[in-house]
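The values are calculated or read from the model by the stated rules, or taken from the named source; none is laboratory data. Since the structure is predicted, the reported quantities are computational estimates derived from the model, not experimental observations. Don't worry about glycine lacking a Cβ; one is built from the backbone with ideal geometry, like all the others, and counts go over all protein chains shown. Note: areas computed on protein heavy atoms with side chains; ligands, DNA, RNA excluded. Shrake-Rupley method; radii C 1.70, N 1.55, O 1.52, S 1.80 Å.
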Amino acid sequence: MAPQRFREQFDQIQRSMPDVPLALGPDDSAEFVYEKGVILARDGEEARLVEDSVRAHFTEAPDLTPEHVRRASPETNRSGITRIRVGDPGQGDRRGDPAVANALRALRAPEGRAGRRLVSRNHVVSIAVNSCPGDEPVPAPRAQGTNPAPAEAGHDPDTAVGVLVIDNGLTHDYPAAGSLLAHVQGDLHGTETDSQGNLLQYIGHGTFIAGLVAAVAPNTDITVLSSLTDAGAILESEFGERLFDAVEQHGWPDIISLSAGTSNGRTDGLLGIDAFMTELRQQRTLLVAAAGNNASATPFWPAAYASLPDYHDAVLSVGALRGDGEHGACFSNHGAWVNAYAPGERLTSPLTGFDAPVPYVYQHSTYDDCRYGFTYACTCQSPQHTGVLSEEGDTVTPDQVTFEGLAQWSGTSFATPVVAGLIAAHMTAHKETDPRVARQQLLASNTEFAEVRGAHVPALRPATWRPVPGGQPPAGA
């Protein structure tokens, strides 16, 4: 990722979490974002072991201070996770946190004896994965309609598939979008615009996703939650709680669509949602999760749970195809842990309702090359614009556009609800009541493939989706 682009997005998340000092990890790389001065451990005996081990290690080390080591949350939590303070979060900068790094080292021997992980950073889970979205939305003409277009199917309240979208909520005027969102409900964003009336960053993300599910699978009852309220981000320690809140309030649905996550440099999942994922295994719900926009083969969680034996039938990980549908999008994560790919570049869906136009000021700077070093035209290159966060002291007036309902947007965020909709549509068409069985049937019957970095991968393309112009892939991509 371009360093300037990452700094802008990191600063955006930090502003949305002003009371939570953040750092880049691991150490000074930009693989993920995490809370400074805090580590996570499982409640009970493990938390006590972690706290004692860190305190002992810090006491013995001449350059470390044990006085900060203490519990920072109740000893028992519904998510099964305890926050442990290990350092002063006000020290240092965003290029890493030595206190957290040393606390992790202190647990290496105990983890070796236990044969499993006992401690974790407190990662930021975000719809702007790695603090970097596929791109920003652009207005789309209402006359061209959505893409995918709404499938020709009815809605039957007795057989409708329940889809729970874990996201950042709905725009206040989403019902004005008409019949497409007639069977959508959920939380509203709350504050949607700044003092100048401009749409805030990521507002409309949940509405956009609901429109994609509804277009592909009209026989659905969709609930969109505002679980990710801080510019689409949340701390890992709180994420498990929000997931439990969702299913306790609305029940376990047929499908959960989740367009958020984080990498963590590991291959065994996120400690903060371990209890929720264990409970998910006991349910019939299918979690459809975005593979992330880092152009990386590193596992991205929760999507990468699909590659773990205990979860392969409970989780489906989704990567994004380029606008032509034949190759992977340049931003999409990839690898054996990604189950399938679906259109995710320049899809069209409602961003707001239609009761009034809404202005939007682009948040990001113009740059000439795709952030991943590719030489072909990519989502991150179109449209080019002058962003408000591009350079300190920049006097250029930033570009402003106006949305009147529909938008085009790109990212694995949007490939994910397309696949959730395809599974729901399969359930309706085949009278299949088990979403996990439908997952297996859909993948087994699929005969479509695409090329992603030289590999042929399953491609799930809705019948009503229309390809959009795109560049040519680089050699070997």
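List the residue pairs whose Cβ atoms are under 7 Å apart, where the first residue sits in segment 341-365 and is without any contact (Cβ under 8 Å) to a residue 60 or more places away in the chain, the second is open to solvent by 10 Å² or more (accessible area, probe 1.4 Å) and part of a loop (DSSP other than H, G, I, E, B), and the two are 6 or more positions apart or on different chains. Listed by first residue and then by second, the contacts come to 357/404. Within segment 310-326, restricting attention to residues that are touching a residue at least 60 places away in the same chain (Cβ under 8 Å) and within 18 Å of the chain's Cα centre (by Cα), the residue that is farthest from residue 436 (Cα to Cα) is 321.
Residues of segment 285-293 include none that is open to solvent by 40 Å² or more (accessible area, probe 1.4 Å) and in a loop (DSSP other than H, G, I, E, B). When residues in segment 173-201 are screened for being farther than 15 Å from residue 353 by Cα and either of a type in the set (Ser, Thr, Tyr) or in contact with a Lys or Arg (Cβ under 9 Å, 6 or more places away or on another chain) (or both), 2 of them pass. Within segment 224-235, restricting attention to residues that are closer than 25 Å to residue 11 by Cβ and either in contact with a His (Cβ under 9 Å, 6 or more places away or on another chain) or part of a loop (DSSP other than H, G, I, E, B) (or both), the residue that is most open to solvent (accessible area, probe 1.4 Å) is 229.
Do the conditions hold for residue 78, that is, is it outside any loop (DSSP other than H, G, I, E, B) and open to solvent by 60 Å² or more (accessible area, probe 1.4 Å)?
On the way: outside any loop (DSSP other than H, G, I, E, B): no; open to solvent by 60 Å² or more (accessible area, probe 1.4 Å): yes.
Judged against the criteria, residue 78 is not a match.
In this entry, residue 211 passes the filter for residues that are touching a Ser or Thr at 6+ places or on another chain (Cβ under 6 Å) and either open to solvent by less than 60 Å² (accessible area, probe 1.4 Å) or over 20 Å from residue 127 (Cβ atoms) (or both).
Candidates 134, 162, 169, 186: the one that is small (Gly, Ala, Ser), modelled with pLDDT of 95 or more and open to solvent by less than 10 Å² (accessible area, probe 1.4 Å) is 169. Taken over segment 191-222, the criterion of being under 20 Å from the mean Cα position of the chain (by Cα), part of a helix (DSSP H, G or I) and not polar (S, T, N, Q) is satisfied by 205, 206, 208, 209, 210, 211, 212, 213, 214. Scoring residue 221 on the criteria (1) on the phi > 0 side of the Ramachandran plot; (2) open to solvent by 20 Å² or more (accessible area, probe 1.4 Å) leaves a single failure, condition (1). Would you call residue 89 open to solvent by 60 Å² or more (accessible area, probe 1.4 Å) and in a loop (DSSP other than H, G, I, E, B)? Taking the combined requirement at face value, the residue does not satisfy it.
How many residues are acidic (Asp, Glu) and outside any strand (DSSP E or B) when one looks only at segment 166-188? First the steps, then the outcome.
Of segment 166-188, the ones acidic (Asp, Glu) are 167, 173, 187.
Of the ones still in play, those that are also outside any strand (DSSP E or B) are 173, 187.
Counting residues in segment 166-188 that are acidic (Asp, Glu) and outside any strand (DSSP E or B) gives 2.
State yes or no: is residue 259 crowded, with 24+ Cβ neighbours inside 10 Å, touching a Phe, Trp or Tyr at 6+ places or on another chain (Cβ under 9 Å) and among the polar types (S, T, N, Q)? So residue 259 passes the test.
The combined condition, being touching a residue at least 40 places away in the same chain (Cβ under 8 Å), touching a Lys or Arg at 6+ places or on another chain (Cβ under 9 Å) and closer than 24 Å to residue 289 by Cα, is fulfilled by residue 122.
In a residue-by-residue description of segment 148-159, the property of being of a type outside the set (Lys, Arg), at pLDDT 90 or above, open to solvent by less than 20 Å² (accessible area, probe 1.4 Å) and within 24 Å of the chain's Cα centre (by Cα) applies to at least one position. Hey, could you check segment 301-319 for residues that are in contact with a helix residue (DSSP H, G or I) (Cβ under 7 Å, 6 or more places away or on another chain) and assigned to a loop (DSSP other than H, G, I, E, B) and say which is nearest to residue 78 (Cα to Cα)? Result: 302. Consider segment 236-256 and keep the residues that are surrounded by fewer than 22 Cβ atoms within 10 Å (Cβ to Cβ) and touching a strand residue (DSSP E or B) at 6+ places or on another chain (Cβ under 7 Å). The one that is farthest from residue 166 (Cα to Cα) is 250. For residue 202, the criteria (1) at pLDDT 95 or above; (2) crowded, with 24+ Cβ neighbours inside 10 Å hold in every case but one, which is (1).
Is segment 405-412 home to any residue that is exposed (fewer than 14 other Cβ atoms within 10 Å of the Cβ) and either of a type in the set (S, T, N, Q) or at pLDDT below 95 (or both)? Among the residues of segment 405-412, not one is exposed (fewer than 14 other Cβ atoms within 10 Å of the Cβ) and either of a type in the set (S, T, N, Q) or at pLDDT below 95 (or both), which makes the answer no.
Condition check: part of a loop (DSSP other than H, G, I, E, B), open to solvent by 30 Å² or more (accessible area, probe 1.4 Å), at pLDDT 95 or above and of a type outside the set (D, E, K, R). Does residue 433 satisfy that? Can you show your working first?
Working: part of a loop (DSSP other than H, G, I, E, B): yes; open to solvent by 30 Å² or more (accessible area, probe 1.4 Å): yes; at pLDDT 95 or above: yes; of a type outside the set (D, E, K, R): yes.
Against the criterion (part of a loop (DSSP other than H, G, I, E, B), open to solvent by 30 Å² or more (accessible area, probe 1.4 Å), at pLDDT 95 or above and of a type outside the set (D, E, K, R)), residue 433 qualifies.
Every residue, every condition in (1) among the basic types (Lys, Arg); (2) touching a Leu at 6+ places or on another chain (Cβ under 8 Å), yes or no:
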| residue | (1), (2) |
| --- | --- |
| 70 | yes, no |
| 75 | no, no |
| 88 | no, no |
| 92 | no, no |
| 97 | no, no |
| 103 | no, no |
| 107 | no, yes |
| 113 | yes, no |
| 116 | yes, no |
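Of the residues making up segment 31-47, none is at pLDDT below 80 and either of a type in the set (A, V, I, L, M) or surrounded by 20 or more Cβ atoms within 10 Å (Cβ to Cβ) (or both).
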